Amino acid sequence: MRVLSTLLPPLLLVALFGAAGCGSATSTPAAPAAPAALVSPTPPPGPPNVVLILADDMGYGDLGSYGAKLIKTPNLDRLASEGVRMTDFRVPSALCTPSRGALLTGLYPPRTGLVGNLPSGSPTEGITDGIDDDEITLAQALRENGYATAMVGKWHLGSTLPYLPTNHGFDSYFGISNGDQTFLLLRNTSLVRDPPGLDQITKAYTEEAVSIIRGAARDRPYFLYLAHRSPHVPLEPAPEFVARSAGGLYGDVVEELDWSVGQVMQAIRDRGAAERSTVVLFLSDNGPWLSQGEEAGSPGPFRSGKNSPYEGGVRVPAIAWWPGRYPAGRVVSEPLMSLDVFPTVVAMAKGQLSPTRKYYGADLTPLLAGAVSRLPGAAADGSRELLGYYFGAAVSLRSGRWKFLKPGYWDVVDTLYDLQADAAETTDLDPSRPEVATQLSRRLDALADEISQGAKKPKKGGGAEN
């Protein structure tokens, strides 16, 4: 039985996730075998299809290809072995709303006002605030270049009607628009009758994504943004996955998400690439939550987790797959950021960045394809300078091997770390290298001031959860 086929009037509010779970048209989840590697011929000319998959609160160390021992992720590991695995990929804020806003606009959080997590609401009730009409989302940029656009999953950039995905570049939407993932499930702007429980939502999202891929027109490129709610709390794996992972309940949820990626990738492979290639990007919105009363994810070798400016909060797993363009098995250790996704994908689409915006990201394709080994930047050693935010304040600067961190709840003084020698941020070098700390402190202030010149008023809400 197809899930979610009947809609309620958009103004009717219902309590949704107490209902019984629904069936799924996809195959029963099973531990997937590792199929033969995909042949990577030269892709056909023309803009590729783009599939962007976002995990929610997944830690750097939660995938086998990133060091997980107990959690099995064969589909994501295959994606990494056939594509490019990035080991120093970061987000500008370790919270859902600002991270997602930055991903979809290519802008640092103060430039959009999306600096903290927006509160939950319905299409017609709750706090009416979210992403502004004048923001250019990745979906809008791609639609202007002829793409069909669809979103499935968690939005969290505004819950009331003006802020929903279909008003910001997406032709269709199926998902939960706010951070409270036990709230309202929508198709476009209408509520879904008899929605699945949380233990069925990953399968429902997967089914919808697979349907979009299989049904997409072949004479037009498509952009699919699949934003899973997993492995965010509460941990609610489908019954088929309960107690299946040696990594406990959290591992069950991650392994179900890996199954979902396998289903999506199979649909892409079944569709073929005769007339158009497909790019797949996978990443997490921030590091793992570590203390919400349930089993938690792993930041890998890094310090702390979600809502922290340390590496465990901002460094996330990231994989790029583009057969024929990105060499299989390539590993990139260059510092990269989610702000790079916007200019990278727009360039793939043969589009142009808006002259009304200043983008701090870079087109990653030359680096991911192996044409260059480094991206140039404005730092003294020629490296890039990447800011990190805690709500509306710039608190960290990554510059080459160095990371400078301002004080906050995490520490009472300025700190300096050499991430090449001390990725776990255990040794503060500020006392022994004051000249480096002073230089980076000044650069952080200068960059933050530059960005604040175009800042918007922070949106209502700004909570640290979800």
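A few notes on this one:
- Just one residue in the set Gly247, Gly262, Gly251, Gly179 is in contact with a helix residue (DSSP H, G or I) (Cβ under 9 Å, 6 or more places away or on another chain) and at pLDDT below 95; that residue is Gly179.
- Of all residues in the stretch 263-270, at least one satisfies being open to solvent by 60 Å² or more (accessible area, probe 1.4 Å) and either over 30 Å from Val115 (Cβ atoms) or of a type outside the set (Gly, Ala, Ser) (or both).
- Some residue of the stretch 300-308 being buried (at least 24 other Cβ atoms within 10 Å of the Cβ), at pLDDT 95 or above and either over 20 Å from Asn117 (Cα atoms) or out of contact with any Phe, Trp or Tyr (no Cβ under 9 Å at 6 or more places or on another chain) (or both): no
- Residue check for Pro327: in a loop (DSSP other than H, G, I, E, B) and open to solvent by 10 Å² or more (accessible area, probe 1.4 Å): yes
- Taking the stretch 72-83 as the range and being touching a Phe, Trp or Tyr at 6+ places or on another chain (Cβ under 8 Å) and open to solvent by 10 Å² or more (accessible area, probe 1.4 Å) as the test, the residues that pass are Asn75, Glu82.
- Contact map, the stretch 246-260: first residue β-branched (Val, Ile, Thr), second residue crowded, with 24+ Cβ neighbours inside 10 Å and in a helix (DSSP H, G or I), Cβ cut-off under 7 Å, separation 6 or more or different chains; pairs are Val254/Asp62.
- Strands (runs of 3 or more DSSP E) completely within the stretch 354-451 that count 1 or more residues being open to solvent by 30 Å² or more (accessible area, probe 1.4 Å): 385-390, 393-399, 402-405
- The residues in the stretch 271-299 that are assigned to a loop (DSSP other than H, G, I, E, B) and surrounded by fewer than 19 Cβ atoms within 10 Å (Cβ to Cβ) can be counted, and the count is 9.
- Residue in the stretch 203-221 that is farther than 23 Å from Ala318 by Cα, of a type outside the set (Val, Ile, Thr), in contact with a Leu (Cβ under 7 Å, 6 or more places away or on another chain) and in a helix (DSSP H, G or I) present: yes
- Any helices (runs of 4 or more DSSP H) falling wholly within the stretch 71-160 and containing at least 3 residues that are within 30 Å of Ile213 (Cβ to Cβ): 74-82, 96-105, 138-143
- Residues in the stretch 358-378 that are in contact with a Leu (Cβ under 7 Å, 6 or more places away or on another chain) and in contact (Cβ under 8 Å) with a residue 60 or more places away in the chain: 3 in all.
The values are calculated or read from the model by the stated rules, or taken from the named source; none is laboratory data. None of the values given here were measured: they were computed from a predicted structure. Counting neighbours? That spans all protein chains shown, and the Cβs are built from the backbone with ideal geometry, glycine included. Side chains included, ligands, DNA and RNA excluded: accessible areas come from the protein's heavy atoms. Shrake-Rupley method; radii C 1.70, N 1.55, O 1.52, S 1.80 Å.
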